[in-house]
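Bear in mind these aren't lab numbers, they're just calculated from the coordinates by the rules spelled out. If you're wondering where the values come from, they're calculated on a predicted model, not measured in any experiment. All Cβ positions, even for glycine, are placed from backbone atoms using ideal geometry, and neighbour counts span all protein chains on display.
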Ligand code: NAD
């Protein structure tokens, strides 16, 4: 591990120094997960981390192996026993304080932006930009998101986790109560595109539900996760309850799946299948937040200027490296020309850059492989006859992996860009005869993560939303109307995943439910003192009566509702 790396990207970051990155990397070692003895120097294997904005090396983190993972999980397991015994309300309070800490750093940054160099409080934003190459406008979204999630959990989790009374088998004679216990140690595997948001959206509900968490961030973006681990400690989380294990996915990932009691995975569909298979073999549950090839539908009555602005946000936020990004646009014919004109105009207005200010809207792609993928998808579409309406080229003058926001049309249905997720700033637009055709085209995909519908008639929009096979559908918005609704579940249909994050569903995935049935009349079996045939006849009569009575109540309720 080196503490002496210097790069232009690091020099530009107002609040970061190379030493700070080394300190963060040392947190992996100090957690005991980088080597058996806890001595960072003893860990020779390391992974270099680069800044996408300049393609320079900025530091390194330990390349943990299976034994490191086992050690981290073992320690997490010990810490978890005490945490599970802490009342849910107290656990929630710790997270709420954590949210404040994240907010403080953001507020400080917004107040004192430009007050360069040694302002350590701005470091979360700087870290995010440094390790992802995203624009500051995109990075700041993650700093809104994490505290919002904390506030929601602090308020809701105690109720969601409280014991629940349910109907007993024989009302009056028996009761049924459901209790929710933590599963134990949760493994969180997160991707590089939103390193803070996507680690915390899975880790925080697991913690509040009484679990320990061992997080494996993507190897390209480990520092944000390590910085948040430090903040969780400051917020009062017990030692070892949250640990970060850095390393290569194919090494650390499977070891984690083998050692934990639940896996929350966010990443590609391909890796998601590998994780699900392994979790299945171990008979542990998992949630999989995977890829998408998300549709955006513009109906004939849409306000095309508003739809065009929304489409720009839907397609090019985080340079299109967003699982919820729209990559396919279907416009009803009558609105098509006006929409396409407005959309291309709005796209061409976008500013590119990776500076540590709020000037640029679209930042860099994460690395050379991602740039190659985007370039290949666009070139393939072109070779099959697609027209590039705007963009269509790399912009090394902005940053080594930067690619222009690109709008394609006349894309063949079998072009790669039409069938696969590009995960870059590329979208194809097609005109369709009517709304039914738009819905059919939107649903013509193995994925089903997110969709967006644009219309002046909001009720009709909500009706169309029900016909689209995606886990979240936004009417007259790109993705924030659903992603930001942290009380509502979020996840994918089909190849986009399994399970849901956010809302009560996002908390309950991390608990074992236990039903406790109590009889007030002794064992529920055939009574001794009545001949059995009499009892059976009486029981059937009571059952029929009960069914008739409940049908009557249902009908009455329906009539009241209709009035
Ligand atoms: P990826 O699947 O390659 O990597 C994701 C994580 O899995 C990383 O931490 C990686 O190290 C780890 N990993 C790699 N091999 C592994 C293995 N064999 N076992 C366990 N873990 C392993 O994904 P990526 O390409 O880096 O991320 C982009 C993808 O993630 C896109 O497809 C995107 O749509 C998806 N994504 C989905 C969501 C969502 O919420 N649905 C959010 C963000 C990203």
Provide the gained length on full extension for the span residue 351 to residue 174, in nm with one decimal, where the gain is 0.36 nm per separating residue minus the Cα-Cα distance. 57.1 nm
Simple label model, 7 Å out from Cα along Cβ direction - residue 518 to residue 359, nm: 6.8 nm
Quick one: plug the Kirkwood hydrodynamic radius of the chain (C-alpha pairs) into Stokes-Einstein at 4 °C, 1.567 mPa s, and report D in µm²/s. 51 µm²/s
Here the gain from full extension of residue 239 to residue 488, 0.36 nm per residue of separation minus their alpha-carbon distance, amounts to 86.5 nm
Within the chain, percent of DSSP bridges classed antiparallel, to nearest 5: 40 percent
When the gyration tensor of the range 455-563 is built from Cα positions, what are the square roots of 5 times its three eigenvalues, in whole Å, from largest to smallest? 47, 24, 12
Efficiency of FRET from Cβ geometry, residue 390 and residue 467, R₀ 41 Å, rounded to 0.05: 0.85
Which FRET efficiency, nearest 0.05, do residue 550 and residue 268 yield, Cβ-Cβ r, R0 35 Å? 0.15
Convex hull over the alpha-carbon atoms of the range 8-290: what's its volume per residue in Å³? 133 Å³
With runs of 4+ DSSP H residues as the only contributors, calculate the mean residue ellipticity of the chain at 222 nm using -39,500 (n - 2.57) per run, divided by the residue total and rounded to the nearest 500. -14500 deg cm²/dmol
According to the square roots a ≥ b ≥ c of the eigenvalues of the Cα gyration tensor, what is the shape class of the range 294-491, taking rounded for a/c under 1.5, prolate for a/b larger than b/c otherwise, and oblate for the remainder? prolate
Just subtract the alpha-carbon distance of residue 283 and residue 529 from 0.36 nm times their residue separation and send over the number in nm, one decimal. 84.0 nm
If eta is 0.890 mPa s and T is 25 °C, what Stokes-Einstein diffusion coefficient results for the range 425-473, Kirkwood Rh from Cα pairs, in µm²/s? 211 µm²/s
